[in-house]
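Right, one structure below, let's go through it.
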Amino acid sequence: MNHKTRFIYIFITVFCLAGCGFKGRNAADKSSIPVTDTLKTELSPRYAEGFQVIVQPNGVKLLSIAEPNNAHAVPQLFALVPKGTKAEVPQGYTVIPTPVDRVICMTTPQLAGFTGLNAYDKVVGTSNTRRMQNKEWLARLNDGRVKKIGMEGHFDTEIIIAAQPEIIFVSPNRRGGYEVMKELNIPLIPHWAFKETSPLGLSEWIKVVGMFIGKEEEACRLFSDMEQRYNMLKAKVADVKHRPSIFSGEMRRDTWYVPGGQSFYARLFADAGADYFMKDNPETGGVLMDFETVYSQGYNAEYWRVMNGYKGEFTYKALEASNPQYADFRAFKEKKVLYCNLEYIPLYENLPLSPHILLSDMIKAFHPDLLPEYQPVFYSLLEK
C-alpha cells in the first residue's frame, strides 16, 4: 500500500467514525437542555488520567486538568457554563462560557480533535504546522482563516490578539514561552494528552475538546467507536505464547531518547503483545539515556522502533550510516526495524484519532498471522 492509499484509508476511517456521532443541536438549543445521565457517564474518562469532569444538572461542567501520573500535580479548574445560563460555580474555577467559537491550538495533535469533530471553523490560530498534510487545515492556513501565531518562545502577541481567541490550548510539557500569553488574559487550557499512559487515554482527550466547543455528544460517540475497535484488537493478542522484545529510539546529539515505561507507547507495545525493554521505568514522557545503557539493554531485542523525518527512502543502509554501531543490534541484523517516516507520514495529526490503527500496525509486525490481510498505515517493517 503506497503512502497516498494509506492516507485515503485514514481519511475514510476518521470520516466514518465522525459520522457515527449524534445529530448535533445548535448552540442555542444545547444551552437550555439538561445534560442526560448517559452523557454524564460517557464524559467521565475511562482511560485518561489528566482530566476529571463533574456535570451538574444545569449543564455546567466542572473540569479539572492536571499532569497525568504525577501525584504532586496541582490541578487547574475550569467551569464550562452554557452561554445564556446564570450559574454559581465553586471558588477557584475559571469560568468559560460554552460553546467557545474561537480557539488557538499549539500543536497538530491538538488540531486532531477538531478534525474528528468536523469543527474546523472553531480554530482561528495555531503554532506548529511543520509536516502538516491535512488539506483542509493547509487551505485555511493559506487563506488566513487560521493564523500562524509563531513558534514556542516567539509568539506574535499582535496576531493572537487580532485572532480574538476565547481559549488557547497549550502543551505544558513542551518548551512553552506561555508567560507572554498569560498577560493577554486569555484562558490557557493545558492539554496533557501526550503524557497519558495509554493510547486510549490520549485519544480520550477528544472529550475535552468536545466539551469546550459544544460537541460533547459527538466526541463521546467517536471515542466509544475507537475504544471498541482498539479493545477488539487487543483481545486478539491476549493469549499469544510469545511476546517479542522491543526497544525504541535513536541517538540524537549524543543522547538516546526513549518513551518511558509508563508512556502510551509502552502500553501500546504491551497491548500489541510485545515486551518493551523499559517497561519497569516509571516515566510517562521521554527518557534520556546514553548509548551504552541502551546498547546493553536493547542489544538482543527482537524489534526496534524508529521514527524520524528522513528525506528520501529510509533503508538499513541509511540507518547504519547515521551510526555504524546500529548494525550490531539483533533487530538490525534480522531486519525487524519498525519504522515511521514523519517526512511523508502525518502520524501526529492523525494519531489521536487512530489508536486502533496504530495498534494494528504493531500487531502486524509482532504477530503477522493474527492480521494476515492488514496493510500497515503508520509503522511498517523496513524491508531493505
### Task
Name the single residue, out of those in the stretch 187-206 being under 11 Å from the mean Cα position of the chain (by Cα) and among the hydrophobic types (A, V, I, L, M, F, W, C), that is most open to solvent (accessible area, probe 1.4 Å).
194
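Filter the stretch 69-86 down to the residues that are assigned to a loop (DSSP other than H, G, I, E, B) and either surrounded by 14 or more Cβ atoms within 10 Å (Cβ to Cβ) or out of contact with any Pro (no Cβ under 9 Å at 6 or more places or on another chain) (or both) and list them by number. Talk me through it step by step, then tell me what you get.
In the first step, residues of the stretch 69-86 are kept if they are assigned to a loop (DSSP other than H, G, I, E, B); the result is 69-75, 83-86.
The answer is 69, 70, 71, 72, 73, 74, 75, 83, 86.
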#### Entry: Scan of the stretch 329-349 for residues that are open to solvent by 60 Å² or more (accessible area, probe 1.4 Å), in a helix (DSSP H, G or I) and touching a residue at least 12 places away in the same chain (Cβ under 8 Å), ordered by number
330, 348
### Query
How many residues does the stretch 295-314 contain that are out of contact with any helix residue (DSSP H, G or I) (no Cβ under 7 Å at 6 or more places or on another chain), more than 25 Å from residue 243 (Cβ to Cβ) and open to solvent by 30 Å² or more (accessible area, probe 1.4 Å)?
4
### Task
Test each condition in (1) open to solvent by 10 Å² or more (accessible area, probe 1.4 Å); (2) at pLDDT 95 or above; (3) out of contact with any Pro (no Cβ under 9 Å at 6 or more places or on another chain); (4) not aliphatic (A, V, I, L, M) for residue 374 and report the one that comes out false.
(3)
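The values are calculated or read from the model by the stated rules, or taken from the named source; none is laboratory data. Model, not experiment: these values are computed from the prediction. Note: ideal-geometry Cβ built from the backbone for every residue, glycine included; neighbour counts use all protein chains shown. Ligands, DNA and RNA are stripped out before the accessible areas are found, and what is left, the full protein with its side chains, is counted by its heavy atoms. Shrake-Rupley method; radii C 1.70, N 1.55, O 1.52, S 1.80 Å.
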